[in-house]
Amino acid sequence: MAARAIWRGQIRLALVSIPVELYPATKSGAQIQFHQVHEPTGKRIKYEKVVPGVGPVDRDEIVKGYEVSKGHYVLLDPEEIESVKLESRKTLELVEFVDTHDIDAMYYDKPYFVVPADDLAEEAYVVLRDALKAAKKIGVGQLAMRGQEYVVALKPCGKGLLLETLRYADEVHKAQSYFREIGTEEPDADLLDMASMLIERKTGKFDPGEFHNRYVDALHDLIREKQKAKGEKVIQDPDADEPPPRGSNVVDLMAALKRSLGDEKGGKAANENRGAAKKKPAPRHAPKKVPAKKAAAGGRKR
């Protein structure tokens, strides 16, 4: 379970209030982040905030603006934006209950685990969970969190409850506009039977652990191989040891890779790198030093 809840409050069902906590149910996958690097120097490419005809500008000169028409903006101060943010009311009121199939999958956005806040809340929590299971319903309400208001769906999930934020109607494209050119005629019966047989043959239980991002795995392998090779494509920023400027967001690639690969794989890669370093031959561009006298003698013989 996460160390800290992202929201604490209560679920209200008529006169019953259930203290609960929300925890993220998902996490970022093992993605690889690339940076743009100036190859001749090994330095990261940086971006400056510039104004055409003016050049680089200070951060304190930048405000947020909403474009109401081409080239015309309404400027808003941070205080004005902050003033309209919604306060977390700490209460999720379930205003209606719908069948489990009534909410289209396109509307589901982000899931959170809902956990009873204490032992006293557990009894009411279990009653709500089992009542939703028995009725095969999903609770719907609105929740103010992090300054915004979300439509949410509450549903049973194993021994607990899962809350999922939902997209608003204006955030979802209408499917009809994309499918209108598809014909309405019935498919060939033999082809339909064959497709049904294939589906039945491959029917099973979904196990997410059986699937891996092969592209990310291949990138990890490629990076490890290039790192072991110590070729010209493995470079170091000469300013890497300097402290980053205040407010910068510097990501250490090796640390990110080790986090992505896990402690075990990261430790194995580090051991292999140390072994390769011991066996590394002298670089071709660094010739063995020759005593000054011998060098001079050799020059005379030529």
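The values are calculated or read from the model by the stated rules, or taken from the named source; none is laboratory data. On a predicted model such as this, the values are computed, not experimentally measured, just so you know. Neighbour counts are summed over all protein chains in view; Cβ atoms, including those assigned to glycine, are modelled from backbone coordinates with ideal geometry.
Which condition from (1) loosely packed, with under 10 Cβ neighbours inside 10 Å; (2) of a type outside the set (D, E, K, R); (3) under 30 Å from Ala117 (Cβ atoms) is the one that Ala25 breaks?
Among (1) loosely packed, with under 10 Cβ neighbours inside 10 Å; (2) of a type outside the set (D, E, K, R); (3) under 30 Å from Ala117 (Cβ atoms), the lone unmet condition for Ala25 is (1).
Could you say which residue among Glu200, Glu186 is out of contact with any helix residue (DSSP H, G or I) (no Cβ under 8 Å at 6 or more places or on another chain) and outside any helix (DSSP H, G or I)?
Only one candidate passes the filter, namely Glu186.
When segment 61-94 is examined, which residues are found to be charged (D, E, K, R) and loosely packed, with under 12 Cβ neighbours inside 10 Å?
Correct list: Glu61, Glu67, Lys70, Asp77, Glu79, Glu80, Glu82, Glu87.
Can you name every residue in segment 145-173 that is loosely packed, with under 10 Cβ neighbours inside 10 Å, among the charged types (D, E, K, R) and not in a helix (DSSP H, G or I)?
Of everything in segment 145-173, just one residue is loosely packed, with under 10 Cβ neighbours inside 10 Å, among the charged types (D, E, K, R) and not in a helix (DSSP H, G or I), namely Lys159.
Ser17 is checked against (1) farther than 30 Å from Gly158 by Cα; (2) surrounded by 10 or more Cβ atoms within 10 Å (Cβ to Cβ) and fails just one. What number does that condition carry?
(1)
Against the definition (modelled with pLDDT under 90 and closer than 20 Å to Pro111 by Cβ), how does Lys27 come out, yes or no?
Yes, satisfied.
Being of a type in the set (Gly, Ala, Ser) and in a strand (DSSP E or B) is the filter; apply it to segment 130-144 and report the residue that is nearest to Leu162 (Cα to Cα).
Residue satisfying both the conditions and the ranking: Gly139.
Taking strands (runs of 3 or more DSSP E) that fall entirely within segment 9-113, which contain at least 3 residues that are touching a Phe, Trp or Tyr at 6+ places or on another chain (Cβ under 8 Å) and assigned by TED's automatic domain parsing to the domain that holds Leu166?
Because the criterion is at least 3 residues that are touching a Phe, Trp or Tyr at 6+ places or on another chain (Cβ under 8 Å) and assigned by TED's automatic domain parsing to the domain that holds Leu166, the strands (runs of 3 or more DSSP E) in segment 9-113 that meet it are 16-24.
Residues Arg129, Arg167, Arg146: which one is in the same structural domain as Tyr107 (by TED's automatic domain parsing) and within 17 Å of Arg12 (Cα to Cα)?
Arg129
Out of all the residues in segment 229-236, is one or more at pLDDT 80 or above and part of a helix (DSSP H, G or I)?
no
If you take the residues of segment 94-114 that are under 29 Å from the mean Cα position of the chain (by Cα) and among the charged types (D, E, K, R), which of them is farthest from Ile18 (Cα to Cα)?
Taking the candidates together, the pick is Asp104.
For segment 35-58, which residues satisfy the criterion of being within 28 Å of the chain's Cα centre (by Cα) and closer than 21 Å to Ile223 by Cβ?
Result: His35, Gln36, Val37, His38, Gly42, Lys43, Arg44, Ile45.
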